[in-house]
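Colleague: Next up is a structure, given as structure tokens.
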Amino acid sequence: MAARHTLTVSEARERVAALRDEIRTHDYHYFVENEPRISDQQYDALVRELRDLEAAFPSLVTPDSPTQRVGERLTTGFAAVTHSVPMLSIDNTYSEAELREFDARVRKQLAGQPFDYLVDPKIDGVAVSLRYERGALALAATRGDGERGDDITQNARAIRSIPLRLRGADWPSVLEVRGEVYWPRADFNRTNAQRIAAGKEPFKNPRNATAGTLKQLDARVVAERLLLFCAHGFGKIDPAPAVLRASELVARVRGWGVPVSPHQRLCAGIDEVAAFVHEWEQRRFLLDFETDGLVIKIDQLALRERLGATSKAPRWCIAYKYAAERAETRVVRIDLQVGKSGAITPRAVMEPVQLAGTTVRHASLHNFDQVERLDVRVGDVVVVEKAGEIIPQVVQVVMERRPPDARPFERPTRCPECGGDVVQDEDGVYRRCTNPACPAQLLERLIFFCGRGQMDIEGLGEKLVEKLVQEGLVRSYADLFRLPRHRARLEKLAFEQQRKGDDGPKTVIVEFGAKRADSLIAGLDRARARPLARLLAALNIRHVGANTADLLAGHFGNIDALLAADEAALQAVAGIGPEVSRSVHAWLHSPAGRKTIADLRAVGVNMTQPRSSRPASGPLVGKSVVVTGTLKRYSRDEIEQRIKAAGGRPTASVSRKTHLVLAGADAGSKLEKARELGVRVVTEEEFERLLTP
């Protein structure tokens with residue numbers, strides 16, 4: 001119950017305004033100046049007083065109040081939004097020589113006109129655009145494909161370093177700042193320690209965990225994880241401020257209360273940039289966020305305009321990426337892993353080595369061609385690298401340290417899991433187990449089936465699927481939906497968990513429990529009702545991904561119509577070629593495919609979906625259209641919708657059946673093939689005229 005107040009409404013309004021101003025001032029000193037002026041307890045007391053006053057006087061609550069960052073309402077999804085100014089990517093360079101080549105190229109284009117560089121550490125976070133209208137946060141969006149991103153405004157409001165209202169009064173009516181949302185190392189490590197203590201799986205790395213956090217449907221989860229935001233660029237600004245340099249604009253944004261990097265440096269020339277690059281090679285590891293390089297930008301705004309951009313990246317900036325960290329270790333053995341499609345891949349098991357802050361024991365060898373190219377043998381000393389500081393891989397063998405008894409690794413002739421026959425892909429690099437009952441394939445197929453892009457069964461992660469298979473509770477896709485019959489056994493499933501103890505980590509046994517069983521059964525019920533396209537994408541039919549599954553489900557509408565279709569009928573679907581139709585038809589009519597469909601039907605899995613309706617008239621009715629290159633007016637999703645609205649069929653590849661190719665900037669092999677086949681090619685302007693009556 002809210003505390004009673006003796007204040008009048010007028011007095012309360014005055015006190016609320018003062019509290020909000022004081023809290024915003026302290027946020028500014030904490031997040032922007034990095035100089036907190038009061039303790040956390042004092043800050044919390046101010047927020048509590050404000051919250052109590054707003055509870056007593058509800059008419060005084062405003063959306064930009066510091067108490068309104070997190071609401072009780074769950075997000076139902078993330079709408080796509082189009083960026084007013086595209087969020088382009090940045091070209092990379094990896095050596096001082098390449099950096100100086102960039103400088104020479106820029107100086108030539110600017111005909112010797114003097115300029116400075118503004119240099120920023122490159123935060124390894126999630127790119128986000130914040131839009132302020134009349135000083136209030138109006139929209140937050142992820143980068144997405146650069147043209148369109150996801151609206152994450154509700155979650156961005158839960159990040160305390162993002163101001164809900166700008167400071168001062170001299171800000172423009174519309175201000176878009178671009179930057180990175182990231183998870184500071186200390187808070188990330190603290191959260192992982194708490195998850196381990198609670199028996200939960202720890203997050204893999206800060207960047208991926210940040211991306212996952214921003215897509216949470218409950219903003220309260222975002223608030224708990226203490227993410228931060230740092231601005232490094234700009235989108236639309238209206239009216240444009242009277243400044244000549246980006247560094248001046250950064251200073252203004254900082255004054256308006258938006259955090260910017262305290263490590264940003266203005267450099268008079270490429271020599272100063274190079275010195276900064278060398279200085280930060282080791283200093284970057286002392287930062288409280290992940291970074292793999294520096295971003296170098298021309299400071300003068302007018303010169304940025306002169307240089308412009310390609311379809312993908314600005315010409316006035318470049319990213320210097322530090323070389324991936326490498327380490328030497330010894331190969332103990334080479335394991336063979338069997339994937340959901342039967343592909344057998346080699347993996348090096350090594351003596352533990354520290355690499356980019358983590359202990360590495362395994363590294364990818366990709367395929368057997370790669371093993372032979374590197375000539376990796378058991379006992380070899382190898383150089384291991386983390387690609388993007390995430391995925392360890394073997395990049396080199398130290399030949400002078402090879403032991404005399406090291407022997408070449410032989411390609412498998414039998415499946416390491418089931419002993420089944422192994423065949424080499426035609427014109428491919430993979431060897432595959434041909435046994436459809438292979439237990440390793442079953443496990444990987446089940447994990448894939450449950451995944452987010454397929455049936456999205458909440459609560460069925462990799463470890464649980466593995467446990468269910470080990471316990472004999474699941475031997476097929478349909479068995480997943482029979483789990484409610486085995487609830488008693490499900491609740492008693494025992495898992496080993498690592499937890500912190502007084503004497504260090506210790507292993508404890510925890511049961512799955514009733515609460516998690518409830519959640520899993522609810523997730524299964526939701527998955528049972530997924531549309532046909534999601535089911536087709538989940539069934540591991542070769543060459544059938546999400547897009548192909550959507551085409552098939554939208555055309556046929558139900559599984560029975562799909563089963564009745566021969567290869568010719570399958571190829572009649574726009575975007576389905578001979579190879580895909582053969583694969584789909586063969587799977588659907590194989591004994592395993594027939595049994596899978598029958599079993600899933602028996603447990604009540606939905607096998608229908610509304611058929612796609614196409615306009616009966618329009619300038620593109622009956623025509624297949626391929627889009628290639630980068631368009632000025634449309635994102636890829638938007639142009640496909642435009643084609644469909646005109647009665648056409650957007651397709652992915654050019655063939656003799658293609659009626660039209662829409663070619664944007666930097667069109668490649670599809671344009672060449674269209675010309676070879678004599679397919680009509682149009683520009684974006686010609687396409688617009690074609691659609692105009």
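The values are calculated or read from the model by the stated rules, or taken from the named source; none is laboratory data. The model shown is predicted, which means the values in this text are computed figures rather than measured ones. Ideal geometry is used to build each Cβ from the backbone, glycine not excepted, and the neighbour counts take in all protein chains shown.
Colleague: Find the residue count for the stretch 468-492, including only residues that are closer than 21 Å to N540 by Cα and basic (K, R).
Modeller: The number of residues fulfilling the criteria is 2.
Colleague: Restricting attention to the stretch 49-93, which residues are closer than 25 Å to L19 by Cβ, small (G, A, S), in a loop (DSSP other than H, G, I, E, B) and at pLDDT 75 or above? Explain how you work it out, then say what you get.
Modeller: Quick first cut of the stretch 49-93, residues closer than 25 Å to L19 by Cβ only: 49-73.
From what is left, the residues that are small (G, A, S) are 55-56, 59, 65, 71.
Filter once more, keeping what is in a loop (DSSP other than H, G, I, E, B): 65, 71.
S65, the sole residue that qualifies.
Colleague: Also: If you check R306 against the conditions, is it touching a residue at least 24 places away in the same chain (Cβ under 8 Å), surrounded by fewer than 18 Cβ atoms within 10 Å (Cβ to Cβ), of a type in the set (D, E, K, R) and assigned by TED's automatic domain parsing to the domain that holds A242? Break it down into steps so the answer makes sense when it comes.
Modeller: On the way: touching a residue at least 24 places away in the same chain (Cβ under 8 Å): yes; surrounded by fewer than 18 Cβ atoms within 10 Å (Cβ to Cβ): yes; of a type in the set (D, E, K, R): yes; assigned by TED's automatic domain parsing to the domain that holds A242: yes.
So R306 fits the description; yes.
Colleague: May I pose another question? Hey, can you tell me all the residues within the stretch 359-373 that are in a helix (DSSP H, G or I) and in contact (Cβ under 8 Å) with a residue 60 or more places away in the chain? Please lay out each step first, then the result.
Modeller: Within the stretch 359-373, the subset in a helix (DSSP H, G or I) is 368-373.
The answer is F368, D369.
Colleague: So which helices (runs of 4 or more DSSP H) are wholly in the stretch 197-259 and hold at least 2 residues that are touching a residue at least 12 places away in the same chain (Cβ under 8 Å) and touching a Phe, Trp or Tyr at 6+ places or on another chain (Cβ under 9 Å)?
Modeller: Working: elements: 206-214, 219-224, 246-255.
Result: 206-214, 246-255.
Colleague: Something else now. Suppose we filter A569, A574, A549 for residues that are in a loop (DSSP other than H, G, I, E, B) and not assigned by TED's automatic domain parsing to the domain that holds Y477; which single one remains? Spell out the reasoning first.
Modeller: Numbers: A569 fails: in a loop (DSSP other than H, G, I, E, B); A549 fails: in a loop (DSSP other than H, G, I, E, B).
Of A569, A574, A549, the one residue that is in a loop (DSSP other than H, G, I, E, B) and not assigned by TED's automatic domain parsing to the domain that holds Y477 is A574.
Colleague: Listed residues D21, D44, D40, D27; which is at pLDDT below 80, within 21 Å of G168 (Cα to Cα) and outside the structural domain of R157 (by TED's automatic domain parsing)?
Modeller: Values: D21 fails: at pLDDT below 80; D44 fails: within 21 Å of G168 (Cα to Cα); D40 fails: within 21 Å of G168 (Cα to Cα).
Residue meeting the stated conditions: D27.
Colleague: Could you list, in sequence order, all residues of the stretch 383-394 that are within 16 Å of V371 (Cβ to Cβ) and at pLDDT below 85?
Modeller: Going residue by residue through the stretch 383-394, those that are within 16 Å of V371 (Cβ to Cβ) are 383-384, 392-394.
Once the filter is applied, which keeps residues that are within 16 Å of V371 (Cβ to Cβ) and at pLDDT below 85, the stretch 383-394 yields P392, Q393.
Colleague: Of the numbered conditions (1) aliphatic (A, V, I, L, M); (2) surrounded by fewer than 19 Cβ atoms within 10 Å (Cβ to Cβ); (3) at negative phi, A111 satisfies every one except a single condition; which is it?
Modeller: (3)
Colleague: Residues that are without any contact (Cβ under 8 Å) to a residue 40 or more places away in the chain and either within 26 Å of the chain's Cα centre (by Cα) or crowded, with 20+ Cβ neighbours inside 10 Å (or both): list the helices (runs of 4 or more DSSP H) wholly contained in the stretch 429-544 that include at least 2 such residues. Before you say what the answer is, go through the steps one by one.
Modeller: Values: elements: 439-450, 462-470, 477-481, 487-491, 513-528, 532-538.
Once the helices (runs of 4 or more DSSP H) in the stretch 429-544 are filtered for at least 2 residues that are without any contact (Cβ under 8 Å) to a residue 40 or more places away in the chain and either within 26 Å of the chain's Cα centre (by Cα) or crowded, with 20+ Cβ neighbours inside 10 Å (or both), what remains is 439-450, 462-470.
Colleague: Applying the selection to the stretch 138-152, what residues are crowded, with 20+ Cβ neighbours inside 10 Å and within 16 Å of A219 (Cα to Cα)?
Modeller: Scanning the stretch 138-152 gives A140, A141, T142, I152.
Colleague: Criterion first (surrounded by fewer than 17 Cβ atoms within 10 Å (Cβ to Cβ) and either polar (S, T, N, Q) or not assigned by TED's automatic domain parsing to the domain that holds L130 (or both)) does Q300 satisfy it?
Modeller: Details: surrounded by fewer than 17 Cβ atoms within 10 Å (Cβ to Cβ): no; either polar (S, T, N, Q) or not assigned by TED's automatic domain parsing to the domain that holds L130 (or both): yes.
No.
Colleague: Considering only residues that are over 25 Å from G144 (Cα atoms) and in contact with a Pro (Cβ under 6 Å, 6 or more places away or on another chain), which ones fall in the stretch 638-676?
Modeller: A646, G647
Colleague: Please verify whether the stretch 182-192 includes one or more residues that are in contact (Cβ under 8 Å) with a residue 60 or more places away in the chain and within 23 Å of G255 (Cβ to Cβ).
Modeller: yes
Colleague: Checking the structure you have, find out if any residue of the stretch 207-223 is assigned by TED's automatic domain parsing to the domain that holds R157, of a type outside the set (A, V, I, L, M, F, W, C), surrounded by fewer than 16 Cβ atoms within 10 Å (Cβ to Cβ) and more than 23 Å from I123 (Cα to Cα).
Modeller: Within the stretch 207-223 (the criterion being assigned by TED's automatic domain parsing to the domain that holds R157, of a type outside the set (A, V, I, L, M, F, W, C), surrounded by fewer than 16 Cβ atoms within 10 Å (Cβ to Cβ) and more than 23 Å from I123 (Cα to Cα)), the answer is yes, since at least one residue qualifies.
Colleague: Being basic (K, R) and surrounded by fewer than 17 Cβ atoms within 10 Å (Cβ to Cβ) is the filter here, so list the residues in the stretch 234-251 that pass it.
Modeller: Narrowing the stretch 234-251 to residues basic (K, R): 236, 245.
Correct list: K236 only.
Colleague: Mind checking which residues of the stretch 586-604 are within 33 Å of the chain's Cα centre (by Cα) and not hydroxyl-bearing (S, T, Y)?
Modeller: Narrowing the stretch 586-604 to residues within 33 Å of the chain's Cα centre (by Cα): 587-588, 593, 596-597, 600, 604.
Of everything in the stretch 586-604, those that are within 33 Å of the chain's Cα centre (by Cα) and not hydroxyl-bearing (S, T, Y) turn out to be W587, L588, G593, I597, L600, G604.
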